[in-house]
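The structure appears right after this line, and notes come after that.
The values are calculated or read from the model by the stated rules, or taken from the named source; none is laboratory data. As the structure is a prediction and not an experimental result, all values here were calculated from the model. Note that each Cβ is placed from the backbone with ideal geometry, even for glycine, and that neighbours are counted across all protein chains shown. What goes into the accessible areas is simple: the full protein's heavy atoms, side chains included, and nothing from ligands, DNA or RNA. Shrake-Rupley method; radii C 1.70, N 1.55, O 1.52, S 1.80 Å.
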Amino acid sequence: ARYRAYTSSRPSSRISKNPDTGGELTNGRIIAATEYVASDKVKAATAMWSPGDPLTVTVDLGDVQTVGGIRISTHQPNGQYCHPERIDAAVSLDGDAWLSGGTIQHNDLWQPPGDYEPWEHDDSPQYADLPAGGRMAYSYPLAFERPLRGRYVRLLFTPLRNRGMGLSEIEVFDEVKTCKAVPV
């Protein structure tokens with residue numbers, strides 16, 4: 001989805017001083033863990049949405065492609081803007097009929113893939129009161145049960161109750177392979 005156009009169902013937060021300018025979610029930049037919402041580097045890689053209704057983001061891939069999975073990077077810089085409660089993914093050929101690709105849950109971030117590298121304050125008491133603790137940036141992987149064909153990828157982001165959301169990057173993969181853990 002790099003540099004692909006997308007639409008969102010509601011405007012981003014201007015109050016956050018980090019609104020979506022129409023490109024942050026597909027520009028290829030993924031934010032590292034940080035609490036500095038208004039820095040230029042963070043603003044170029046994230047956008048914040050205020051608490052409220054779920055947010056739908058629809059990415060136009062430009063033509064029909066195979067979609068095997070996605071990775072959604074989100075940001076929790078503070079207690080006001082957090083990782084979503086849930087992300088529902090769907091794919092469509094025409095933007096009208098949708099096939100479900102699967103669901104990501106907030107707490108999936110506690111079960112990261114084997115290559116996850118936490119930052120130095122991931123379990124710091126300083127962030128213990130945040131919904132995801134010190135896990136301030138996270139990239140949620142979702143391998144679809146089977147590849148889907150489509151031009152559009154729709155993501156329905158449901159915020160945590162009374163909290164906004166920080167979103168960083170939407171990645172769409174044509175093929176995803178998973179392997180089973182091997183006991184040592």
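For the stretch 18-59, taking the residues that are acidic (D, E) and assigned to a loop (DSSP other than H, G, I, E, B), the one that is least open to solvent (accessible area, probe 1.4 Å) is identified as D20. Among the residues examined, L148 does not qualify as surrounded by 18 or more Cβ atoms within 10 Å (Cβ to Cβ) and in a loop (DSSP other than H, G, I, E, B).
If you check G79 against the conditions, is it within 21 Å of F157 (Cα to Cα), open to solvent by 10 Å² or more (accessible area, probe 1.4 Å) and in contact with a strand residue (DSSP E or B) (Cβ under 7 Å, 6 or more places away or on another chain)? So G79 does not fit the description; no. Can you pull out the residues in the stretch 94-119 that are part of a helix (DSSP H, G or I) and in contact (Cβ under 8 Å) with a residue 40 or more places away in the chain? If the condition is that a residue be part of a helix (DSSP H, G or I) and in contact (Cβ under 8 Å) with a residue 40 or more places away in the chain, then H106 is the only one that fits.
Considering L155, L160, L167, the condition of being open to solvent by less than 40 Å² (accessible area, probe 1.4 Å), part of a loop (DSSP other than H, G, I, E, B) and not β-branched (V, I, T) is satisfied by L160 alone.
Restricting the stretch 17-56 to residues that are modelled with pLDDT under 90 and small (G, A, S), which is nearest to C82 (Cα to Cα)? Looking at residues that are modelled with pLDDT under 90 and small (G, A, S), I get A33.
Do we find that A90 is surrounded by 12 or more Cβ atoms within 10 Å (Cβ to Cβ), in contact with a Ser or Thr (Cβ under 8 Å, 6 or more places away or on another chain) and farther than 18 Å from N78 by Cα in this structure? So A90 fits the description; yes. Residue under question is D122, and the condition is that it be open to solvent by less than 60 Å² (accessible area, probe 1.4 Å), part of a strand (DSSP E or B), on the phi < 0 side of the Ramachandran plot and not aliphatic (A, V, I, L, M); does it hold? Spelling it out, it is not the case that D122 is open to solvent by less than 60 Å² (accessible area, probe 1.4 Å), part of a strand (DSSP E or B), on the phi < 0 side of the Ramachandran plot and not aliphatic (A, V, I, L, M).
Is it the case that T178 is more than 14 Å from N78 (Cβ to Cβ), of a type outside the set (A, V, I, L, M, F, W, C) and open to solvent by 60 Å² or more (accessible area, probe 1.4 Å)? Against the criterion (more than 14 Å from N78 (Cβ to Cβ), of a type outside the set (A, V, I, L, M, F, W, C) and open to solvent by 60 Å² or more (accessible area, probe 1.4 Å)), T178 qualifies.
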